[in-house]
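The values are calculated or read from the model by the stated rules, or taken from the named source; none is laboratory data. The structure presented is a predicted model; accordingly, all values stated were derived computationally and were not measured. Note that we place each Cβ from the backbone using ideal geometry, even for glycine, and neighbour counts take in every protein chain shown. For accessibility, only protein heavy atoms count, side chains too; no ligands or nucleic acids. Shrake-Rupley method; radii C 1.70, N 1.55, O 1.52, S 1.80 Å.
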Amino acid sequence: LFIAMSLDGYAADAEGGVDWLRQQRPRDLYLTSYDGLRLHARWVPADCPRGTVILFHGWRSSIVGDFSPSMPVYHDLGFNLLLVDQRAQNGSAGRYITFGVRERHDVHTWVQWCAERSGAAFPLLLGGVSMGATTVLMACGEPFAGNVRGVIADCGFTSPWDIIGKGG
């Protein structure tokens, strides 16, 4: 009973986040990856932003599925949102999901877009759940510009081999 009540509360928060995102009328963005794929994200600007949070969803999931309760919170705190569809999922092109191996380069592509748009000193935070967490952590293996100030990694896995070996 306790678990069901907890999930019910989460479901209401998730539905509220979906409705909130719809009301924001996010702008679709498309960039080309380092290896020629068309990548998709949605842009939700904040009034007088103090930074941008770039969010990456998990394997076979979506931004709405993984972040709908937290999107309004980040935005209410004054952050722009860049909601990325990882390669080979949702609105981004690609045939294969590589569990962060190639996706980590896509993080750098989106960071570069943000830096060009907002300036090299404008604070950026990277966020990810599951494969998204691993993606942003793997991206940290190569240097970012100074505007990347932090990473929020929830439930990442240790390596692509570990997750593939468990059958997802």
Exercise. With each pseudo-label sitting 7 Å past Cα toward Cβ, what's the residue 120-residue 155 distance in nm, one decimal?
Worked result: 3.8 nm
Exercise. With a ≥ b ≥ c the root eigenvalues of the C-alpha gyration tensor of the chain, is it rounded (a/c under 1.5), prolate (a/b larger than b/c) or oblate?
Worked result: oblate
Seminar exercise, completed: For the chain, the helices passing both cut-offs (Cα extent along own axis of 20 Å or more, Kyte-Doolittle mean at least -1.0, full DSSP H runs) are 2-24
For this session: Could you work out which residue, out of 50, 38, 117, moves most in a Gaussian network model of the chain, that is, has the largest mean-square fluctuation with Cα springs under 10 Å?
Result: 117
Problem set entry | For peptides 77-85, 144-152, sequence by mean Cβ density within 10 Å, most packed first | 77-85, 144-152
Problem set entry | Heavy-atom accessible surface of the chain: percent carbon and sulfur, 1.4 Å | 55 percent
For this session: Scan around residue 94 for amide H atoms under 5 Å from its own, H built in the peptide plane at 1.01 Å from N, and keep only partners 5 or more places away or cross-chain.
Result: 88
For this session: Please calculate how many Å² of accessible area the chain carries per residue, with a 1.4 Å probe and no DNA, RNA or ligand atoms counted.
Result: 53 Å²
Seminar exercise, completed: residue 35 neighbourhood, Cβ < 15 Å, K/R = +1, D/E = -1, net charge +3
Exercise. Shape call for the range 50-117 from the C-alpha gyration tensor, a ≥ b ≥ c root eigenvalues: rounded (a/c under 1.5), prolate (a/b greater than b/c) or oblate?
Worked result: oblate
For this session: Report, in deg cm²/dmol and to the nearest 500, the calculated mean residue ellipticity at 222 nm for the chain, where each DSSP H run with n ≥ 4 adds -39500 (n - 2.57) and the sum is divided by the residue count.
Result: -11500 deg cm²/dmol
Problem set entry | Label point distance in nm, residue 76-residue 142, each placed 7 Å from Cα along Cα→Cβ | 3.7 nm
For this session: Could you tell me whether the range 32-81 comes out rounded, prolate or oblate from its Cα gyration tensor? Rule is a ≥ b ≥ c as square roots of the eigenvalues, rounded for a/c under 1.5, then prolate if a/b exceeds b/c, otherwise oblate.
Result: oblate
